[in-house]
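Have a look at the structure below, then the notes.
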Amino acid sequence: MADRIRLDGRVAVVTGAAGVIGAATIKLLAERGARIVAVDRNAGQLDEAIKGLPASAAAFAITADVTQEDEVADYVRKATEKFGAIDVFYNNAGIEGEITPIVRYSLEAFRRVLDVNVVGVFLGLKHVLPVMLKQNRGSIVNTASIAGLIGSPDIAPYTASKHAVIGLTKVAAIECSNTAVRVNCVCPGLIDSRMLSAIVEGRNTGNAPVPTDKVVDRVPARRLGLASEVASVVAFLASDEASYVNGAAWTVDGGRTIA
Ligand SMILES: NC(=O)c1ccc[n+]([C@@H]2O[C@H](COP(=O)([O-])OP(=O)(O)OC[C@H]3O[C@@H](n4cnc5c(N)ncnc54)[C@H](O)[C@@H]3O)[C@@H](O)[C@H]2O)c1
């Protein structure tokens, strides 16, 4: 029987591909045989992420801002021109924004987070879905967060945006009813990453660095997650192994949201 977790020849478009989770994901998808279209606004880091792929991988990078509709339409067009299809779309680019209580959050900074994390995800869906619906096949994975499931202080727009990503995932999944296109999202928890450090440092009012055991004291796994552990779930959802998974929000959080 064919190995249903393999992605040989599949075309995977990944946004935020230069970031910690995006780079780990393009690496795993390429190792499983996918052809990669790596999208990010940070051209320098995108080159580094591409260099981390197996030498045999078919991959190319596109510098684009996910909040700009013409740039989103452009990366979708370039991906289909180059590889003829989009089988997997990891709609992952996101920002944490400022780490500040609501009463001090500027409107401009609030809107900026929604622009990247919600409008960016919406535009990706808007432009990739027609390609997948025409093919009548494809798997989309959006990156939400445990911040899409629970509230925590000082990250109001981030939390609102990730709740919205789960909502967008459900709507897109329903709108693909009766097709072979599936739409799911992942909800990573505390992942060892630049973004988590920025949030922890932003909340830290003391001078001493916050020890890791304090950061993970409400995580049953008692450790931070790895970007590769998020990538594993994305690659599963992208594959035929997840053929009956649709409209789901998969936590990858070491049990943080159990109780
Ligand atoms: N790191 C965590 O602990 C964690 C936890 C839960 C969810 N997430 C989510 O996972 C995703 C990836 O996070 P990460 O930890 O890899 O962060 P990261 O900052 O390392 O990577 C995010 C990437 O998105 C890119 N990006 C930001 N705005 C963009 C834009 N407008 N257009 C194009 N690219 C843009 C950045 O250049 C960066 O390369 C995000 O959506 C984040 O919210 C992260």
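We did not get these values from a lab; they are worked out from the coordinates using the rules stated. Keep in mind it's a predicted model, so treat the numbers as computed, not measured. Here Cβ is always computed from backbone atoms with ideal geometry, including for glycine, and neighbour counts include all displayed protein chains.
Sorted by packing (mean other beta-carbon atoms within 10 Å per residue), highest first, where do 119-125, 95-101 land? Before the final figure, lay out the partial values.
Values: 119-125: 23.0, 95-101: 18.0.
Taking the mean over residues of other Cβ atoms within 10 Å, the ranking is 119-125, 95-101.
Seen against the Cα atoms of the chain and their longest principal axis, helix 69-83 is set at about 40 degrees. With both labels modelled 7 Å from their Cα along Cα-to-Cβ, the Arg222 to Ile102 distance reads 3.6 nm. Under the simplified labelling scheme, the Ala58-Ser243 pair shows an inter-label distance of 2.4 nm, with each label point 7 Å from Cα along Cα→Cβ.
Return Tyr90, Tyr244 ranked ascending by Cβ neighbour count within 10 Å, so the fewest neighbours appear first.
Working: Tyr90 31, Tyr244 6.
With the sparsest Cβ surroundings first, the list reads Tyr244, Tyr90.
Binning the C-alpha pair distances of the stretch 14-108 at 10 Å intervals from 0 yields a P(r) profile of 16, 46, 24, 10, 4, 0 %, listed from the shortest bin outward.
Normalised by the number of residues in the chain, the mean separation of alpha-carbon contacts (under 8 Å, six or more apart) gives a relative contact order of 20 percent. Close Lys pairs in the stretch 11-249, defined as Cα atoms under 21 Å apart and 8 or more places apart or on different chains, number 14.
Charging the Cβ of each Asp and Glu at -1 and of each Lys and Arg at +1, and nothing else, the dipole of the stretch 91-179 about its Cα centre rounds to 320 debye. Here is the P(r) of the stretch 109-179: all C-alpha pair distances, binned every 5 Å from 0, give 3, 17, 26, 21, 14, 10, 6, 2, 0 in whole percents. In terms of the ratio Rg/(2.2 N^0.38 Å) built on C-alpha atoms, what value belongs to the chain? Ratio of Cα Rg to 2.2 N^0.38 Å: 0.97.
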